[in-house]
Amino acid sequence: MTVNELVRFKLTDDEKARLREINKKREEERMASVARIRVEAAPLLAELHAVGLKIKSVGDLIGRAERYEAAIPILLKHLQMPYSDVIKETIARSLAVPEPAVMKAWPMLVDEYRNAPMGWGIKGPGDTKEFRLGAKDGLACALSIAVTNETMEELIDLVKDRTQGESRILLLSALRKSSNPLAQQAIEELSSDPDLAKEIASWRTR
């Protein structure tokens, strides 16, 4: 809450002091969480530095314009390690790049996706509050880029599998971009899926 908002709500001095204390505590908790994440990610970051990537965090790879093919084997290796959800999601999203090594890792990516937990849970190391888990979404992003004509049928099976939850929406982009007849047929079939129908219908208005 900003100073202007404090004035608008006409809080008492005691209420303002309590609010500032709450905000201070939240910031301290956030900084402590960031510090724990950095410690957890340190071994991965060290390996990425060793292949010449000058980044401050693994998240710096997401959306990076330059290729980082030397990092792909490292990221694939660490994706299979027991990291926290937040690190796992970051690694997965950094693998959402059209690199041959990622495409060859398709079976592993599918296994990781199927086994990734859904819903709410502990995202970061040492956290006590639960938030919506994101590793499965990150893996869906990676799969949507890694899919080829040879693996399209398996991707379609994943999209049709309602037990995979909301992350299936992120897999749809691969079907939409594909010229594979199987993808186009799947879109027609999925247009009646209650969890995906709204997203597919929105394509016609964009």
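The values are calculated or read from the model by the stated rules, or taken from the named source; none is laboratory data. Just so it is clear, the model here is predicted, and its values are computed rather than measured. Cβ sites come from the backbone with ideal geometry, for glycine too, and all protein chains shown count toward neighbours.
Suppose the filter is assigned to a loop (DSSP other than H, G, I, E, B) and over 23 Å from the mean Cα position of the chain (by Cα); does GLU150 pass it?
yes
Condition check ((1) out of contact with any Gly (no Cβ under 8 Å at 6 or more places or on another chain); (2) not in a helix (DSSP H, G or I)) across all residues:
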position: ARG36; (1), (2): no, no
position: HIS78; (1), (2): yes, no
position: ALA96; (1), (2): no, yes
position: PRO107; (1), (2): yes, no
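Of the conditions (1) surrounded by fewer than 16 Cβ atoms within 10 Å (Cβ to Cβ); (2) among the hydrophobic types (A, V, I, L, M, F, W, C); (3) within 21 Å of TRP203 (Cα to Cα), ILE122 fails just one. Which one is it?
(3)
Counting just the residues of the range 167-193 that are without any contact (Cβ under 8 Å) to a residue 40 or more places away in the chain and in contact with an Asp or Glu (Cβ under 7 Å, 6 or more places away or on another chain), which one comes out nearest to ALA116 (Cα to Cα)?
Among residues in the range 167-193 that are without any contact (Cβ under 8 Å) to a residue 40 or more places away in the chain and in contact with an Asp or Glu (Cβ under 7 Å, 6 or more places away or on another chain), the one nearest to ALA116 (Cα to Cα) is ARG168.
Mind listing just one residue for me: the one in the range 178-192 that is hydroxyl-bearing (Ser, Thr, Tyr) and under 19 Å from ASN149 (Cα atoms) and, of those, surrounded by the most Cβ atoms within 10 Å (Cβ to Cβ)?
SER178
Run SER173 past the list (1) under 28 Å from GLU40 (Cβ atoms); (2) touching a Ser or Thr at 6+ places or on another chain (Cβ under 9 Å) and report the number of the one that doesn't hold.
Failed condition: (1).
Taking the conditions exactly as written (hydrophobic (A, V, I, L, M, F, W, C) and surrounded by 14 or more Cβ atoms within 10 Å (Cβ to Cβ)), does ILE91 satisfy them or not?
Criteria met by ILE91.
Results for (1) part of a helix (DSSP H, G or I); (2) in the same structural domain as ASP193 (by TED's automatic domain parsing), shown as yes or no for each residue.
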{"residue": "ASP111", "(1), (2)": "yes, no"}
{"residue": "PRO117", "(1), (2)": "no, no"}
{"residue": "PRO125", "(1), (2)": "no, no"}
{"residue": "GLY165", "(1), (2)": "yes, yes"}
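For the range 21-34, indicate whether the set of residues that are surrounded by 14 or more Cβ atoms within 10 Å (Cβ to Cβ), of a type outside the set (S, T, N, Q) and assigned to a helix (DSSP H, G or I) is non-empty.
No, the conditions are met nowhere in the range 21-34.
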